[in-house]
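Notes for the one structure printed next.
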Amino acid sequence: LWSIGPATLMLVLMILPPILTAVGVVREKERGSIDALRASPLSRSEFVLGKWLPYFLVAVVNFLVLWAIVVGVFGAPFRGDPWFFLLASIVYVACTSGLGLVVSLLVRSQIAAILITMIIALVPTMLYSGMITPLSSLSEAGRVPAGMLPATAYHRIVAASFLKGS
């Protein structure tokens, strides 16, 4: 129970932020309101930051709520450094919500955004993060994609912070 609760925090933060970000941007493509933004005097970086920042902030609040649930409901002891864990979680949420921006560039419908995000985020996270299958049992071919996922590194941080106190 102490292991699956913190791992669920990692999994939820790998699924929700990219879906929210991808659907939020693609919704404007579907409605046609994104064309009005293209005609505005915003630079591309300001536009991308404006699309990404609200979903990033929602995901950070989501992290805080999930952390409280893992500690309060699951009773998992948090033994690590809270400031390091907060910083690592913010970086992780930035990566996962950025994944939603990448997906939103590739698709034009909200359904496609949800499906592609789920395939890109959920499947590799479940298989290669170490949540279900230990990374030591993966072959060399499996360790390569596992090493490229932010979920793999964050799962180690979550387990170390909650269970080891490091």
Single residue of VAL102, VAL107 found to be closer than 21 Å to PRO18 by Cα, free of Cβ contacts under 8 Å to residues at least 12 places away in the same chain and either in contact with a helix residue (DSSP H, G or I) (Cβ under 9 Å, 6 or more places away or on another chain) or open to solvent by less than 70 Å² (accessible area, probe 1.4 Å) (or both): VAL102
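If I go through segment 107-166 residue by residue, how many of them are within 17 Å of the chain's Cα centre (by Cα) and outside any helix (DSSP H, G or I)?
Going through segment 107-166 one residue at a time, the tally reaches 4.
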Output for segment 20-44, where each listed residue is closer than 30 Å to VAL70 by Cα and open to solvent by less than 30 Å² (accessible area, probe 1.4 Å): THR21, ALA22, VAL23, GLY24
Test: ALA68 is open to solvent by 30 Å² or more (accessible area, probe 1.4 Å) and either of a type in the set (A, V, I, L, M, F, W, C) or under 18 Å from ILE90 (Cα atoms) (or both): yes
Cβ pairs under 8 Å, 6+ apart, first in segment 6-30 and more than 30 Å from ALA159 (Cα to Cα), second modelled with pLDDT under 85: GLY24/LYS51; VAL25/ILE34; VAL25/LYS51; GLU28/ILE34; GLU28/LEU37
Inter-residue pairs, beta-carbon under 9 Å, first under 20 Å from LEU53 (Cα atoms) and hydroxyl-bearing (Ser, Thr, Tyr) and in segment 78-90, second modelled with pLDDT under 95 and exposed (fewer than 14 other Cβ atoms within 10 Å of the Cβ), 6+ apart: SER89/LEU64
Odd one out for ALA146 among (1) exposed (fewer than 14 other Cβ atoms within 10 Å of the Cβ); (2) touching a Ser or Thr at 6+ places or on another chain (Cβ under 7 Å): (1)
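Quick one: is VAL93 open to solvent by less than 50 Å² (accessible area, probe 1.4 Å) and either among the polar types (S, T, N, Q) or in contact with a Ser or Thr (Cβ under 9 Å, 6 or more places away or on another chain) (or both)?
no
The values are calculated or read from the model by the stated rules, or taken from the named source; none is laboratory data. From a predicted model like this one, the values you see are computed outputs, not experimental measurements. All Cβ positions, even for glycine, are placed from backbone atoms using ideal geometry, and neighbour counts span all protein chains on display. The protein model used for the area step is the full one, side chains on, heavy atoms only, and it has no ligands, DNA or RNA in it. Shrake-Rupley method; radii C 1.70, N 1.55, O 1.52, S 1.80 Å.
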